[in-house]
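The values are calculated or read from the model by the stated rules, or taken from the named source; none is laboratory data. Remember, it's a predicted structure, so these values are computed and weren't measured experimentally. Quick reminder, even Gly has a Cβ in these numbers, built from the backbone with ideal geometry, and neighbours come from all protein chains shown.
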Ligand code: SF4
């Protein structure tokens with residue numbers, strides 16, 4: 001029997017990018033643990049990954065290429081060889097590109113794996129083929145856009161500084177589900193005397209660990225920040241010395257925007273009372289080093305970028321940045337640490353091709369102007385479950401003339417509609433290089449077990465497809481390790497030779513953002529730009545949500561759960577058993593108004609869809625808000641549709657992000673029968 005322990009990295013779309021130790025016996029992963037020497041993980045994995053071996057060796061894994069033999073969506077396939085699958089795809093693509101041009105092919109991928117090579121390995125292939133390009137903007141581009149509007153290219157603070165704060169605000173982040181190491185840091189800060197506030201739209205599991213919880217209306221976070229700043233200004237609680245030296249546009253903001261943002265005016269928008277807004281402002285401004293950790297959910301609204309921009313003014317007004325532990329953390333951007341252009345190869349495009357938003361996939365498949373989408377290639381993503389407006393996407397996937405290929409580990413809701421399904425490796429079966437977006441660590445890892453069945457990695461499949469298309473470029477004949485080496489073999493101020501060698505050896509390392517003490521704010525003015533002359537909206541202000549105009553009374557929050565990540569992890573029986581499928585949480589008052597009872601089947605609906613839930617009446621959600629956790633696979637739910645049949649293809653105010661949380665619904669008795 002061969003036994004060893006190897007290092008690896010959690011590949012999922014989570015800020016923490018944990019280091020893991022994998023025990024392998026006879027080419028099977030048998031045990032997974034957090035790496036005690038990893039700077040963020042420090043031995044702690046979340047419940048989702050404690051038994052990653054159950055995902056890797058799940059009986060549900062796809063182990064051979066498949067070709068559809070049933071109707072679209074029926075899930076009936078026959079096994080075929082890799083040679084047959086690749087030949088079928090390449091010949092169909094040659095026909096389609098000859099008839100419609102390259103843009104008739106649309107890749108769809110997101111963050112099923114976060115490794116820099118495997119995640120991005122399709123770009124070079126699709127650039128060479130001249131296909132439509134996908135705007136990969138479902139998660140938090142509005143957050144990035146809002147940060148840049150005020151902070152420019154300023155690197156994020158180290159989130160671990162939170163432990164030095166005396167007031168930690170977990171704002172719109174269910175860290176207990178999505179960022180457990182931030183929870184650990186918050187607890188550490190609390191042991192040193194810090195207070196913990198949670199600001200969210202319902203009482204999340206994170207709220208259980210807070211000293212105080214403030215429940216806001218969905219999309220009302222910016223109004224709360226504006227109300228707080230009004231109070232701070234009028235009570236003389238702003239740090240005038242810091243502002244004079246570091247901030248651009250405070251006077252204009254104070255004169256033009258803040259006068260209308262009284263607590264009384266902001267209270268109905270944000271859902272807190274004027275007295276609460278006043279108290280939050282005074283306690284925030286009175287703290288020595290207040291720290292805000294901002295989530296992403298609050299950015300998935302029509303006003304998402306403006307919300308981030310507005311909240312980011314708070315630490316500037318009180319000079320929180322001056323003291324260790326003070327500031328705001330939206331996310332670490334470590335893109336400059338590795339030359340991704342060497343993997344994505346935009347230079348392979350003969351000419352720039354059209355962009356298609358992944359948030360508007362349903363529209364792209366059914367009603368796009370220009371060349372129709374005739375083929376969809378889906379890899380490490382599951383848009384039929386996870387992308388907005390599920391009914392529109394399924395209408396597209398049902399098109400008989402759409403040639404769909406899905407490269408996946410499991411028979412996802414999307415794969416059921418594929419013409420060809422290709423089996424994908426898990427992260428333990430291929431090499432990659434990972435970097436965190438919740439901190440500054442990075443790590444390279446190798447395959448620790450052989451591929452399960454005939455599965456292949458993203459990069460291997462694109463190499464095969466390049467061969468099938470008859471392309472001669474040596475680029476496509478490289479291995480994933482060659483590409484990793486190209487990312488490492490590039491000098492950058494983010495890592496010196498010692499750090500790069502550690503990366504090569506598989507050790508977790510900390511990257512160093514290049515900071516200029518003479519110019520801490522990387523904006524065009526060199527100051528924090530509350531006033532930004534380059535924007536159509538030069539000052540932060542109150543913006544409405546989309547849902548406000550929809551004419552339905554309840555706001556739906558499609559929330560996170562500690563036991564799944566979007567539609568990932570539902571293959572693990574134990575994790576599934578810890579959740580009840582498709583529960584809709586509703587306040588007692590809303591339920592009473594509608595004559596609804598705890599535990600009964602209800603239908604949430606709007607003009608995009610109707611979805612069956614089991615009602616849970618709870619005071620965890622306020623009046624006017626309903627919440628459901630998780631993105632369930634269709635095979636595990638009673639109805640035909642998941643939560644994303646209710647979400648919309650509308651975009652955010654900045655970054656063209658998704659507005660998955662900006663949803664209005666009504667709820668009534670009974671379940672939906674699809675005919
Ligand atoms: S999902 Fe996040 S917290 Fe859980 S193991 Fe992976 S990186 Fe760590």
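Residues in the stretch 305-321 that are over 13 Å from residue 541 (Cα atoms) and not in a helix (DSSP H, G or I): 319 only.
Consider residue 53 carefully, then state whether it is within 16 Å of the ligand (Cβ to nearest atom), touching a residue at least 12 places away in the same chain (Cβ under 8 Å) and in a helix (DSSP H, G or I). Against the criterion (within 16 Å of the ligand (Cβ to nearest atom), touching a residue at least 12 places away in the same chain (Cβ under 8 Å) and in a helix (DSSP H, G or I)), residue 53 qualifies.
Yes or no, residue by residue, for (1) over 29 Å from the mean Cα position of the chain (by Cα); (2) more than 16 Å from the ligand (Cβ to nearest atom); (3) buried (at least 16 other Cβ atoms within 10 Å of the Cβ):
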position: 31; (1), (2), (3): no, no, no
position: 59; (1), (2), (3): no, yes, no
position: 67; (1), (2), (3): yes, yes, no
position: 79; (1), (2), (3): yes, yes, no
position: 83; (1), (2), (3): yes, yes, no
position: 89; (1), (2), (3): yes, yes, yes
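Exactly one residue out of 233, 237 is within 29 Å of residue 529 (Cα to Cα), in a helix (DSSP H, G or I) and more than 16 Å from the ligand (Cβ to nearest atom): that is 233.
Determine, yes or no, whether residue 149 is in contact with a helix residue (DSSP H, G or I) (Cβ under 8 Å, 6 or more places away or on another chain) and away from the ligand (no atom under 15 Å from the Cβ). So residue 149 fits the description; yes. Against the numbered list (1) without any contact (Cβ under 8 Å) to a residue 60 or more places away in the chain; (2) more than 16 Å from the ligand (Cβ to nearest atom), residue 103 comes up short only at (1). Scan the stretch 441-452 and tell me whether some residue there is modelled with pLDDT of 95 or more, crowded, with 23+ Cβ neighbours inside 10 Å and under 22 Å from residue 64 (Cβ atoms). No, that holds for no residue.
So is residue 595 touching a helix residue (DSSP H, G or I) at 6+ places or on another chain (Cβ under 7 Å) and more than 30 Å from residue 536 (Cβ to Cβ) or not? Answer is no for this residue. Give the stretch 370-413 a look and list any residue that's in a helix (DSSP H, G or I) and out of contact with any strand residue (DSSP E or B) (no Cβ under 7 Å at 6 or more places or on another chain), or say none. Once the filter is applied, which keeps residues that are in a helix (DSSP H, G or I) and out of contact with any strand residue (DSSP E or B) (no Cβ under 7 Å at 6 or more places or on another chain), the stretch 370-413 yields 384, 385, 386, 390, 391, 392, 393, 394, 395, 396. Among residues of the stretch 6-34 that are over 29 Å from residue 335 (Cβ atoms) and touching a residue at least 40 places away in the same chain (Cβ under 8 Å), those with a beta-carbon under 6 Å from a residue that is assigned to a strand (DSSP E or B) and away from the ligand (no atom under 14 Å from the Cβ) at least six positions away or on a different chain give the pairs 24/4.
Does residue 520 qualify as being within 29 Å of the chain's Cα centre (by Cα) and either surrounded by fewer than 14 Cβ atoms within 10 Å (Cβ to Cβ) or at pLDDT below 95 (or both)? Criteria met by residue 520.
Out of all the residues in the stretch 203-232, which are without any contact (Cβ under 8 Å) to a residue 60 or more places away in the chain and more than 22 Å from residue 166 (Cβ to Cβ)? Please lay out each step first, then the result.
So in the stretch 203-232, the residues without any contact (Cβ under 8 Å) to a residue 60 or more places away in the chain come out as 206-213, 216, 220, 224, 227, 230-231.
Selection gives 216, 220, 227, 230.
Restricted to the stretch 524-553, and to residues there that are buried (at least 23 other Cβ atoms within 10 Å of the Cβ) and touching a strand residue (DSSP E or B) at 6+ places or on another chain (Cβ under 7 Å), the residue that is nearest to residue 385 (Cα to Cα) is 547.
Among the residues of the stretch 271-304, those identified as in a helix (DSSP H, G or I), under 19 Å from residue 210 (Cβ atoms) and touching a residue at least 24 places away in the same chain (Cβ under 8 Å) are 276, 277, 280, 281, 282, 283, 284, 297, 298. The one condition from (1) within 14 Å of the ligand (Cβ to nearest atom); (2) more than 23 Å from the chain's Cα centre (by Cα); (3) not in a loop (DSSP other than H, G, I, E, B) that residue 42 does not meet is (3).
Annotation note: of 47, 36, the sole residue that is in a loop (DSSP other than H, G, I, E, B), within 9 Å of the ligand (Cβ to nearest atom) and either farther than 17 Å from residue 449 by Cα or touching a helix residue (DSSP H, G or I) at 6+ places or on another chain (Cβ under 6 Å) (or both) is 47. Among the conditions (1) more than 30 Å from residue 535 (Cα to Cα); (2) crowded, with 19+ Cβ neighbours inside 10 Å; (3) in contact with a strand residue (DSSP E or B) (Cβ under 8 Å, 6 or more places away or on another chain), residue 614 misses just one, which is (2). Checking each residue in the stretch 13-29 for being within 22 Å of the chain's Cα centre (by Cα) and closer than 12 Å to residue 428 by Cα picks out only 20.
Here residue 112 qualifies as within 30 Å of residue 330 (Cα to Cα), touching a residue at least 24 places away in the same chain (Cβ under 8 Å), within 16 Å of the ligand (Cβ to nearest atom) and buried (at least 23 other Cβ atoms within 10 Å of the Cβ). On the basis of being away from the ligand (no atom under 16 Å from the Cβ), within 30 Å of residue 537 (Cβ to Cβ), at pLDDT 95 or above and buried (at least 23 other Cβ atoms within 10 Å of the Cβ), does residue 584 make the cut? When the stated conditions are applied, residue 584 does not pass them.
Here residue 117 meets each of (1) closer than 30 Å to residue 525 by Cα; (2) away from the ligand (no atom under 16 Å from the Cβ); (3) buried (at least 23 other Cβ atoms within 10 Å of the Cβ) with one exception, condition (1). Kindly indicate whether any position in the stretch 2-12 is near the ligand (Cβ under 9 Å from one of its atoms), at pLDDT 95 or above, assigned to a loop (DSSP other than H, G, I, E, B) and within 21 Å of residue 186 (Cβ to Cβ). Yes, the stretch 2-12 contains at least one residue that is near the ligand (Cβ under 9 Å from one of its atoms), at pLDDT 95 or above, assigned to a loop (DSSP other than H, G, I, E, B) and within 21 Å of residue 186 (Cβ to Cβ).
Per-residue answers, yes or no, for (1) part of a helix (DSSP H, G or I); (2) in contact with a helix residue (DSSP H, G or I) (Cβ under 6 Å, 6 or more places away or on another chain); (3) over 26 Å from residue 618 (Cβ atoms):
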| site | (1), (2), (3) |
| --- | --- |
| 162 | yes, yes, yes |
| 173 | no, no, no |
| 186 | yes, no, no |
| 203 | no, no, no |
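This table checks each residue for (1) assigned to a loop (DSSP other than H, G, I, E, B); (2) without any contact (Cβ under 8 Å) to a residue 24 or more places away in the chain; (3) farther than 27 Å from residue 112 by Cβ.
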residue	(1), (2), (3)
461	no, no, no
471	yes, no, no
475	no, no, no
482	no, yes, no
487	no, no, no
498	no, yes, yes
516	yes, yes, yes
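Annotation: residue 417 fulfils all but one of (1) crowded, with 23+ Cβ neighbours inside 10 Å; (2) at pLDDT 95 or above; (3) under 30 Å from residue 159 (Cα atoms); the unmet one is (3). For the residues 16, 26, the requirement of being more than 14 Å from the ligand (Cβ to nearest atom) and either at pLDDT below 95 or under 23 Å from residue 432 (Cα atoms) (or both) singles out 26.
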